[in-house]
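Novice: Sharing a structure with you now.
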Amino acid sequence: MEEERGFSLIELMVVVACLIALAAITVPNWRRSTWPIYQLRASGHKLVADLRYARMRAVTTNRDYRIVMAPEASCYHIESGARSGSTMTWETEGGMHYLNTSGGTTFNRGIHFRSVSKETIGIKPTGSMVPTTIVLQNSNGQQLKITCVMSGRVRMERIN
(Lines give C-alpha, C1' and ligand atoms only; values in the text may rest on other atoms or scores of the structure.)
Protein backbone atom coordinates (compact mmCIF):
# COMPACT_ATOMS: atom_id res chain seq x y z
CA MET A 1 0.00 0.00 0.00
CA GLU A 2 1.25 3.50 -0.90
CA GLU A 3 1.87 6.05 1.79
CA GLU A 4 0.07 9.37 1.19
CA ARG A 5 2.07 12.56 1.69
CA GLY A 6 1.01 16.22 2.10
CA PHE A 7 -1.89 17.99 3.71
CA SER A 8 -5.58 17.53 3.13
CA LEU A 9 -7.74 20.41 1.96
CA ILE A 10 -9.48 20.56 5.35
CA GLU A 11 -6.16 20.91 7.17
CA LEU A 12 -5.15 23.78 4.89
CA MET A 13 -8.52 25.48 5.38
CA VAL A 14 -8.13 25.29 9.17
CA VAL A 15 -4.68 26.91 8.96
CA VAL A 16 -5.98 29.69 6.69
CA ALA A 17 -8.93 30.31 9.04
CA CYS A 18 -6.53 30.59 12.00
CA LEU A 19 -4.36 33.10 10.10
CA ILE A 20 -7.39 35.19 9.18
CA ALA A 21 -8.56 35.23 12.81
CA LEU A 22 -5.08 36.26 13.98
CA ALA A 23 -4.91 39.06 11.39
CA ALA A 24 -8.38 40.29 12.36
CA ILE A 25 -7.17 40.69 15.94
CA THR A 26 -3.73 42.21 15.34
CA VAL A 27 -4.22 44.57 12.36
CA PRO A 28 -6.65 47.01 14.06
CA ASN A 29 -4.40 47.24 17.12
CA TRP A 30 -1.33 47.80 14.94
CA ARG A 31 -3.13 50.47 12.93
CA ARG A 32 -4.39 52.20 16.08
CA SER A 33 -0.85 52.40 17.45
CA THR A 34 0.95 53.47 14.25
CA TRP A 35 -1.63 55.62 12.44
CA PRO A 36 -1.28 58.73 14.67
CA ILE A 37 2.47 59.07 13.96
CA TYR A 38 1.81 58.85 10.21
CA GLN A 39 -0.80 61.59 10.54
CA LEU A 40 1.62 63.72 12.56
CA ARG A 41 4.36 63.28 9.96
CA ALA A 42 1.93 64.17 7.15
CA SER A 43 0.97 67.41 8.91
CA GLY A 44 4.64 68.17 9.60
CA HIS A 45 5.65 67.57 5.99
CA LYS A 46 2.79 69.80 4.80
CA LEU A 47 3.89 72.63 7.09
CA VAL A 48 7.55 72.25 6.04
CA ALA A 49 6.52 72.25 2.36
CA ASP A 50 4.50 75.43 2.88
CA LEU A 51 7.42 77.13 4.67
CA ARG A 52 9.73 76.20 1.79
CA TYR A 53 7.11 77.30 -0.75
CA ALA A 54 6.79 80.72 0.90
CA ARG A 55 10.58 81.10 0.93
CA MET A 56 10.81 80.13 -2.75
CA ARG A 57 8.02 82.60 -3.65
CA ALA A 58 9.73 85.39 -1.69
CA VAL A 59 12.98 84.86 -3.60
CA THR A 60 11.43 84.43 -7.07
CA THR A 61 8.95 87.34 -6.81
CA ASN A 62 11.32 89.62 -4.83
CA ARG A 63 8.59 90.27 -2.25
CA ASP A 64 8.31 89.84 1.49
CA TYR A 65 6.29 86.83 2.61
CA ARG A 66 5.12 85.68 5.98
CA ILE A 67 3.36 82.73 7.50
CA VAL A 68 0.89 83.64 10.21
CA MET A 69 0.16 80.90 12.74
CA ALA A 70 -3.10 80.59 14.65
CA PRO A 71 -2.20 77.98 17.31
CA GLU A 72 -5.61 78.08 19.01
CA ALA A 73 -7.28 77.00 15.74
CA SER A 74 -4.44 74.68 14.60
CA CYS A 75 -4.13 76.56 11.33
CA TYR A 76 -1.93 79.03 9.47
CA HIS A 77 -1.93 81.04 6.27
CA ILE A 78 0.61 82.46 3.85
CA GLU A 79 0.70 86.17 3.03
CA SER A 80 2.66 88.11 0.43
CA GLY A 81 3.62 91.70 1.06
CA ALA A 82 3.73 94.64 -1.30
CA ARG A 83 5.62 97.73 -0.21
CA SER A 84 4.06 101.05 -1.09
CA GLY A 85 6.31 103.82 0.18
CA SER A 86 6.79 103.17 3.88
CA THR A 87 3.75 100.93 4.32
CA MET A 88 3.44 97.21 3.70
CA THR A 89 0.19 95.74 2.39
CA TRP A 90 -0.35 92.03 3.06
CA GLU A 91 -2.42 89.74 0.85
CA THR A 92 -3.38 86.16 1.76
CA GLU A 93 -2.32 83.46 -0.69
CA GLY A 94 -4.27 80.21 -0.89
CA GLY A 95 -6.49 80.58 2.16
CA MET A 96 -6.17 78.84 5.50
CA HIS A 97 -4.12 75.68 5.98
CA TYR A 98 -5.46 73.46 8.76
CA LEU A 99 -3.33 70.84 10.52
CA ASN A 100 -6.40 68.66 11.06
CA THR A 101 -7.49 68.46 7.42
CA SER A 102 -6.08 67.41 4.10
CA GLY A 103 -7.75 68.46 0.89
CA GLY A 104 -10.87 69.68 2.66
CA THR A 105 -11.56 66.35 4.38
CA THR A 106 -10.84 65.53 8.01
CA PHE A 107 -7.69 63.44 7.91
CA ASN A 108 -5.18 64.25 10.62
CA ARG A 109 -7.49 64.42 13.61
CA GLY A 110 -5.93 65.44 16.88
CA ILE A 111 -2.92 67.28 15.41
CA HIS A 112 -2.31 70.67 16.98
CA PHE A 113 0.44 73.20 17.68
CA ARG A 114 2.09 72.30 20.97
CA SER A 115 4.19 75.45 20.94
CA VAL A 116 5.19 78.16 18.50
CA SER A 117 8.10 80.47 19.30
CA LYS A 118 6.89 83.13 16.83
CA GLU A 119 3.32 83.33 15.54
CA THR A 120 4.44 85.23 12.44
CA ILE A 121 7.39 83.93 10.43
CA GLY A 122 8.70 86.68 8.19
CA ILE A 123 10.57 85.74 5.01
CA LYS A 124 12.66 88.31 3.12
CA PRO A 125 13.24 88.39 -0.67
CA THR A 126 16.81 87.26 0.06
CA GLY A 127 15.44 83.98 1.42
CA SER A 128 16.26 84.69 5.05
CA MET A 129 13.55 84.07 7.61
CA VAL A 130 12.80 84.73 11.25
CA PRO A 131 14.30 81.91 13.37
CA THR A 132 11.39 79.91 14.72
CA THR A 133 10.67 76.62 16.46
CA ILE A 134 7.29 74.96 16.00
CA VAL A 135 6.23 71.82 17.87
CA LEU A 136 3.32 69.75 16.58
CA GLN A 137 1.64 67.14 18.76
CA ASN A 138 -0.88 64.37 18.06
CA SER A 139 -3.52 62.84 20.30
CA ASN A 140 -1.04 60.21 21.58
CA GLY A 141 1.38 62.88 22.81
CA GLN A 142 3.95 62.21 20.05
CA GLN A 143 5.70 65.38 18.93
CA LEU A 144 7.53 66.78 15.90
CA LYS A 145 9.80 69.80 16.08
CA ILE A 146 10.12 72.04 13.02
CA THR A 147 13.02 74.46 13.16
CA CYS A 148 13.50 77.44 10.85
CA VAL A 149 16.89 79.13 10.93
CA MET A 150 17.82 82.61 9.74
CA SER A 151 19.45 81.33 6.53
CA GLY A 152 16.07 79.87 5.46
CA ARG A 153 16.76 76.23 6.21
CA VAL A 154 13.77 74.31 7.54
CA ARG A 155 14.31 71.06 9.42
CA MET A 156 11.87 68.57 10.95
CA GLU A 157 12.69 66.02 13.65
CA ARG A 158 10.73 63.72 15.92
CA ILE A 159 11.03 64.58 19.61
CA ASN A 160 9.68 61.41 21.23
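The values are calculated or read from the model by the stated rules, or taken from the named source; none is laboratory data. A quick note: this is a predicted structure, and the numbers were derived from the prediction, not measured. When we count neighbours, we look across all protein chains shown, and the Cβ atoms used for this are built from the backbone with ideal geometry, even at glycine.
Novice: Answer yes or no: is there a residue in the stretch 64-75 that is under 17 Å from Leu144 (Cβ atoms), more than 11 Å from the chain's Cα centre (by Cα), buried (at least 17 other Cβ atoms within 10 Å of the Cβ) and among the β-branched types (Val, Ile, Thr). Explain how you work it out, then say what you get.
Specialist: The initial filter retains those residues of the stretch 64-75 that are under 17 Å from Leu144 (Cβ atoms), namely 67, 69, 71, 74-75.
From what is left, the residues that are more than 11 Å from the chain's Cα centre (by Cα) are 67, 69, 71, 74-75.
The next check asks that each one be buried (at least 17 other Cβ atoms within 10 Å of the Cβ); those that pass are 67, 69, 74-75.
Filter again for among the β-branched types (Val, Ile, Thr), leaving 67.
Yes - at least one qualifying residue is present in the stretch 64-75.
Novice: Something else about it: Name the one entry in Ile67, Ile20 that is in contact with a strand residue (DSSP E or B) (Cβ under 7 Å, 6 or more places away or on another chain) and either assigned to a loop (DSSP other than H, G, I, E, B) or among the aliphatic types (A, V, I, L, M) (or both).
Specialist: On the way: Ile20 fails: in contact with a strand residue (DSSP E or B) (Cβ under 7 Å, 6 or more places away or on another chain).
Step by step, each of Ile67, Ile20 is checked, and only Ile67 is in contact with a strand residue (DSSP E or B) (Cβ under 7 Å, 6 or more places away or on another chain) and either assigned to a loop (DSSP other than H, G, I, E, B) or among the aliphatic types (A, V, I, L, M) (or both).
Novice: In the stretch 48-89, which residues are touching a Leu at 6+ places or on another chain (Cβ under 7 Å) and at pLDDT 90 or above?
Specialist: Within the stretch 48-89, just Ile67 meets the criteria.
Novice: Any idea which residue in the stretch 5-24 is farthest from the chain's Cα centre (by Cα), counting only those that are surrounded by 10 or more Cβ atoms within 10 Å (Cβ to Cβ) and under 30 Å from Gln142 (Cα atoms)?
Specialist: Leu22
Novice: Taking the stretch 121-159 on its own, how many of its residues are assigned to a loop (DSSP other than H, G, I, E, B), under 26 Å from Gln39 (Cβ atoms) and of a type in the set (Lys, Arg)?
Specialist: So the count comes out to 1.
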